[in-house]
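The values are calculated or read from the model by the stated rules, or taken from the named source; none is laboratory data. Just so it is clear, the model here is predicted, and its values are computed rather than measured. Don't worry about glycine lacking a Cβ; one is built from the backbone with ideal geometry, like all the others, and counts go over all protein chains shown.
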């Protein structure tokens, strides 16, 4: 049965970078990343959807029913076909990707600790705590360069939904974490050398696995 680790934190906190570093740090164990972003609800199923006003930062924007079902299947050693969400079209692609058999699943996303059905399935829960200004700068860089956004749209979304959502749901969800680590590594982070956060999490995972085995 794979060991399931939830990695939560605000947008731009360093969750994805940390998850990729953990894949390397945890070798020879096989760790694979499951991105909660792929479980956004498909805009084509949402009545009256308007990307300019839709709140992507609410937990309700996620298909947690499908995610929980997939996590249950993964923990039963079953193969799942993970949806692929396209941020340009705000919808799922026809293609899916198969999650390989793993020793450890790293579930990373802003709302991983905001839904009890997800929390209850996780073996270890991590929150990456990163200052607001660093998270905002990282979000600007990411959304403009990889998601086709304009600076104005990034700023408008941050003020209207991202910051309020962090204050209402994401920040308070750290109370559900087994471990809180700092994600403060600069604007973008190095991405090559393991951060202190990744090293701390890797040690926590190994310790938890040792206790589970013994």
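Residues satisfying the criterion are absent from the range 45-53 (criterion: surrounded by fewer than 17 Cβ atoms within 10 Å (Cβ to Cβ), in contact with a strand residue (DSSP E or B) (Cβ under 7 Å, 6 or more places away or on another chain), at pLDDT below 95 and assigned to a helix (DSSP H, G or I)). Residues that are part of a strand (DSSP E or B) and either in contact with a helix residue (DSSP H, G or I) (Cβ under 6 Å, 6 or more places away or on another chain) or on the phi > 0 side of the Ramachandran plot (or both) were ranked within the range 19-39; the one that is surrounded by the fewest Cβ atoms within 10 Å (Cβ to Cβ) is 33.
Can you tell me which of 86, 42, 132 is over 15 Å from the mean Cα position of the chain (by Cα), within 25 Å of residue 4 (Cβ to Cβ) and surrounded by fewer than 18 Cβ atoms within 10 Å (Cβ to Cβ)?
Details: 86 fails: within 25 Å of residue 4 (Cβ to Cβ); 132 fails: within 25 Å of residue 4 (Cβ to Cβ).
Only one candidate passes the filter, namely 42.
If residue 16 satisfies every condition in (1) in contact with a strand residue (DSSP E or B) (Cβ under 8 Å, 6 or more places away or on another chain); (2) farther than 19 Å from residue 136 by Cα; (3) assigned to a helix (DSSP H, G or I) but one, which is the exception? Every condition holds for residue 16 apart from (2). Across the range 137-159, the qualifying residues are those that are in contact with a helix residue (DSSP H, G or I) (Cβ under 7 Å, 6 or more places away or on another chain) and surrounded by 20 or more Cβ atoms within 10 Å (Cβ to Cβ), and the one among them that is farthest from residue 9 (Cα to Cα) is 143.
Is it the case, given these coordinates, that residue 89 is over 30 Å from residue 30 (Cβ atoms) and part of a loop (DSSP other than H, G, I, E, B)? Yes: the conditions hold for residue 89.
Considering only residues that are in contact with a helix residue (DSSP H, G or I) (Cβ under 7 Å, 6 or more places away or on another chain) and touching a residue at least 40 places away in the same chain (Cβ under 8 Å), which ones fall in the range 72-98? 82, 83, 84, 85, 90, 91, listed by residue number. Of the residues making up the range 62-79, those that are outside any helix (DSSP H, G or I) and surrounded by fewer than 17 Cβ atoms within 10 Å (Cβ to Cβ) number 4.
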